[in-house]
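Report on the structure given below.
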């Protein structure tokens, strides 16, 4: 199943979508709709799943841009898909002004961040795990969009399914370090131990940057059997978030 959202200003529309784990062809422990190509799944199954997900969204599978995600803050501005023989760069955010070019981000507990300013004709996607959040991937992707004409007060942002602050247990010193770098992340698990709320930190950063139209998925991946969770299962598949312009 794919959850979709749409933003329609006068000048055009942007589309946002997040997958769950169902409707694909991968076998356990990647069942069913694993979209991650570097987790040990059969590459043919991953390709079939990516094709199926794209077509379900009305997209050309060949016009989906994937990233080699490394928990950093680097951003790539793209005009088209990577070439068939090209090495996919190690980045954690992508931005484009091209219509019908979908940007994809893979997650299995990290926070997928999808952004669009349809009036400027700019969209972006970012992978915000704890290290990338602290490194500044969120301000980096907003900055890259702004350089292309976007305005933070016009940006719509959707964060997708991710591990919640009540489930992301960390050592106390790590919680303190993250919260010192990114206010809004301090949390406690439901069993009363130190925790980090990555999505809360993403939203705090976006708000500080002037982004006002914010939408947060209520799904915690660790708690949901309908979603992949690395913290829960370790060997597992990857979900995807997609953003594109008409």
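Computed from the coordinates by the stated procedures, all read-outs in this text should not be read as laboratory data. This is a predicted model, so every value here is computed, not measured. Every residue, glycine among them, receives a Cβ derived from its backbone with ideal geometry; neighbour counts consider all protein chains shown.
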### Query
Yes or no: residue 166 part of a loop (DSSP other than H, G, I, E, B) and surrounded by fewer than 24 Cβ atoms within 10 Å (Cβ to Cβ)?
yes
### Message
Every residue in region 180-192 that is closer than 16 Å to residue 208 by Cα and crowded, with 18+ Cβ neighbours inside 10 Å, please.
### Response
182, 184, 185
### Check on residue 157, in contact (Cβ under 8 Å) with a residue 12 or more places away in the chain, crowded, with 19+ Cβ neighbours inside 10 Å and assigned to a loop (DSSP other than H, G, I, E, B)
no
### Criterion (surrounded by 24 or more Cβ atoms within 10 Å (Cβ to Cβ), touching a residue at least 40 places away in the same chain (Cβ under 8 Å), under 23 Å from residue 153 (Cα atoms) and out of contact with any helix residue (DSSP H, G or I) (no Cβ under 9 Å at 6 or more places or on another chain)) met by exactly one of 133, 103, 115
103
## Note on the structure
Flagged in region 151-175 as closer than 13 Å to residue 206 by Cβ and touching a helix residue (DSSP H, G or I) at 6+ places or on another chain (Cβ under 9 Å), in numbering order, are 152, 155, 157, 159
### Query
Can you tell which of 204, 195, 172 is touching a residue at least 12 places away in the same chain (Cβ under 8 Å) and either under 24 Å from residue 17 (Cβ atoms) or surrounded by 20 or more Cβ atoms within 10 Å (Cβ to Cβ) (or both)?
195
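This table checks each residue for (1) out of contact with any strand residue (DSSP E or B) (no Cβ under 7 Å at 6 or more places or on another chain); (2) over 16 Å from residue 34 (Cα atoms).
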| site | (1), (2) |
| --- | --- |
| 204 | yes, yes |
| 208 | yes, yes |
| 218 | yes, yes |
| 227 | no, no |
| 233 | yes, no |
